Number of protein chains: 2
Amino acid sequence: MGRIKTENNSTRKDVIIKKAAELFKEKGFKAASMRELAEVVGVEAASLYNHIRSKSELLHLICFNVANRYNLMMDEVEAEKTTSLQKIEKIVRFLIGGMVHNFEEVYVSDREWKYLSEPYLSNFQAQRRAYRKRFAAIVEDGIKKKEIKKIDSTTAVLIMLHAISGIESWHRSKQKINGKELEENMITILVGGLKK
Amino acid sequence: MGRIKTENNSTRKDVIIKKAAELFKEKGFKAASMRELAEVVGVEAASLYNHIRSKSELLHLICFNVANRYNLMMDEVEAEKTTSLQKIEKIVRFLIGGMVHNFEEVYVSDREWKYLSEPYLSNFQAQRRAYRKRFAAIVEDGIKKKEIKKIDSTTAVLIMLHAISGIESWHRSKQKINGKELEENMITILVGGLKK
DNA sequence: AATTTACGCTAACAAATGTTAGTACAAAAG
DNA sequence: CTTTTGTACTAACATTTGTTAGCGTAAATT
């Protein structure tokens, strides 16, 4: 077989990571084998190791790529001088966008992170906790300012994050409404459910 | 080692299924091995096969147990003569209760069903689809009767189901509010987000 | 053109997996 | 007490797994 085909200025490693995200999404990290990944990439299994260190490296590259993007977004939102509800809406829209346009990667980061190996596992979990805390703080702030119903902020965050990760079902579904429409519907229900 | 200890009038098979649900929840179906399960049960791996046919039998027993309960609940709700919003509230409360009190089993059925083998996989998916359709029909009905905001019913169902399955995080969380409080908060946000 | 690097291949490995065969013995049934 | 059944054990199996070693050649660099 020939070489791994790259396009634009992505490396061969990038190609492998992309295909890995698709495979891990479809089969789950544990069930996906390196031989399957190799076949999708168009190469023998052993050849993958010219580009990557291990299977678990693939997982942590995927997970931390997503986590970093989320953290950056959160920095941006916190810096804004807008109402809490507007901040929440921005976060939710960002997350929905991620689920719609970077589906595989986000999905894997969401569902397969528990197979990360140490020290990445602990690091990832810490980042996740911190991120949720920041999100909850915004909700809390909105409650104090009476923009938002008096509810448990942790539960509100939990609902939003998981509702969004459910976009997975939307991807699978046959008769799907378009992405923009999905986003507006989700905002209506989620943000609408918070508003006082 | 001695025999598998049963209590009340549960069979040894029941004990294995229960432990399997816990293990599958913790490690994931693929990552959980029969040798690990055996250790938890207090027996050698080969001994499990005196009670069960295969690893995958365990998974489908767990999944269909949950699916059957859900279908029965749905029959009951549909038969009621109440408003759509009341029906939805009842469904949501039932689902939350399941996540709180039968956590392992429900979690496994929710996240690991894709590892079912045929023909169980197709059967399960069909039941899942049907169940969601029934749920969406109730939402649809509420929209027609102007009890509920004009939204895409499929999206509404997706949000509710996934928000509820996110109770997983609540289980993991250290400083958790109690189950009843969680339920009321979820109802406020979810049902509140639908109400016109 | 000559040399070095990148990258593909085949072959093989040790470990882990689900599962079966065959055996021994305790509990239940007669 | 005797027989039968249920259930646990050890040993072994064929596969599948991630990964490494060693080799050859095409591409890149000089």
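Readers should treat all values here as calculations from the given coordinates under stated rules, not as data from a laboratory. On a predicted model such as this, the values are computed, not experimentally measured, just so you know. Glycine also receives a Cβ, built like all others from the backbone with ideal geometry; neighbour counts cover every protein chain displayed.
Just to confirm the number: angle between the C-alpha axis of helix A:84-101 and the first principal axis of chain A, 0 to 90 degrees, nearest 10?
The helix A:84-101 is inclined about 20 degrees to chain A.
Among A:T188, B:T154, what is the fewest-to-most ranking by other Cβ atoms within 10 Å?
Going from least to most buried by this count: A:T188, B:T154.
Give me the orientation-averaged projected area of the Cα convex hull of the range B:1-45, in nm², one decimal. Mind dumping the intermediate values first?
Numbers: hull surface 12.1 nm².
So the mean shadow area of the Cα hull is 3.0 nm².
Taking the number of other C-beta atoms within 10 Å as the exposure measure, put A:I164, B:I91 in order starting with the fewest.
B:I91, A:I164
So, in nm, how far is label B:N65 from label A:N8 when the simple model puts each one 7 Å beyond its Cα toward the Cβ?
4.8 nm
If I model a spin label as a point 7 Å beyond the Cα along the Cα-Cβ vector, how far apart are those points for A:K18 and B:S56 in nm?
Output for this residue pair reads 3.3 nm.
Using only the Cα atoms of the protein assembly as shown, what do you get for the radius of gyration and for Dmax, in Å?
Expressed in Å, the Cα Rg and Dmax of the protein assembly as shown come to 22.2, 67.
What shape does the range B:92-131 have by the C-alpha gyration tensor, where a ≥ b ≥ c are the square roots of the eigenvalues, rounded means a/c under 1.5, and otherwise prolate means a/b greater than b/c and oblate the rest?
Details: a/c = 3.91, a/b = 1.70, b/c = 2.30.
Judged from the Cα gyration tensor, the range B:92-131 comes out oblate (a/c at least 1.5, b/c at or above a/b).
For helix A:120-144, report the angle its Cα long axis makes with the longest principal axis of the Cα atoms of chain A; keep it between 0 and 90° and round to the nearest 10°.
Roughly 20 degrees, rounded to the nearest 10.
Identify all lysines with a Cα-Cα distance to A:K133 below 21 Å; exclude those on the same chain that are fewer than 8 residues away in sequence.
Result set, ordered by chain and number: A:K81, A:K87, A:K90, A:K114, A:K144, A:K145, A:K146, A:K149, A:K150, A:K195, B:K174, B:K176.
Mind pulling the per residue volume of the convex hull built on the Cα atoms of chain B? Å³ is fine.
Measuring per residue, one finds 137 Å³ for the Cα hull of chain B.
GluC sites (Glu not before Pro) within the range B:53-158: which are DSSP loop residues with at most 13 other Cβ atoms inside 10 Å? Walk me through the numbers before you get to the answer.
Numbers: sites: B:E57, B:E76, B:E78, B:E80, B:E89, B:E104, B:E105, B:E112, B:E140, B:E147; in loops: B:E80, B:E112, B:E147.
Loop-located and lightly packed - B:E80.
Evaluate the relative contact order of the range A:56-194 (contact order divided by residue number), counting alpha-carbon pairs under 8 angstrom at least 6 apart; express in whole percent.
33 percent
Can you give me the orientation-averaged projected area of the convex hull built on the Cα atoms of the range A:141-194, in nm²?
Working: hull surface 16.0 nm².
Computing the convex hull of the Cα atoms and averaging its projections yields 4.0 nm².
Could you tell me the calculated FRET efficiency between B:A79 and A:E89, based on Cβ-Cβ distance and R0 = 30 angstrom, to the nearest 0.05?
Computed FRET efficiency for B:A79 and A:E89: 0.15.
Which FRET efficiency, nearest 0.05, do B:Y49 and A:K114 yield, Cβ-Cβ r, R0 22 Å?
0.20
Give the whole-number value, in cubic angstrom per residue, of the convex hull volume spanned by the C-alpha atoms of the range A:1-78.
Output value, Cα hull per residue: 106 Å³.
Residues of B:170-179, mean number of Cβ from any other protein chain within 10 Å of their own Cβ, rounded to a whole number? Write out the running numbers ahead of the final one.
Details: counts 3, 0, 1, 4, 1, 1, 3, 3, 0, 0.
Average neighbour count from other chains, rounded to a whole number: 2.
Could you identify which residue out of A:L72, A:L95, A:L59 has the top mean-square fluctuation in a GNM of chain A using Cα springs shorter than 10 Å?
A:L72
Using only alpha carbon positions, build the gyration tensor of the range A:98-165, then give the equivalent ellipsoid semi-axes as the square roots of 5 times its eigenvalues, largest first, whole angstrom.
Values: eigenvalues 143, 47, 14 Å².
Equivalent ellipsoid semi-axes, largest first: 27, 15, 8 Å.
Using only Cα atoms and rounding to the nearest 10 degrees, what angle (0 to 90) does helix A:55-79 make with the longest principal axis of chain A?
Tilt relative to chain A: about 30 degrees.
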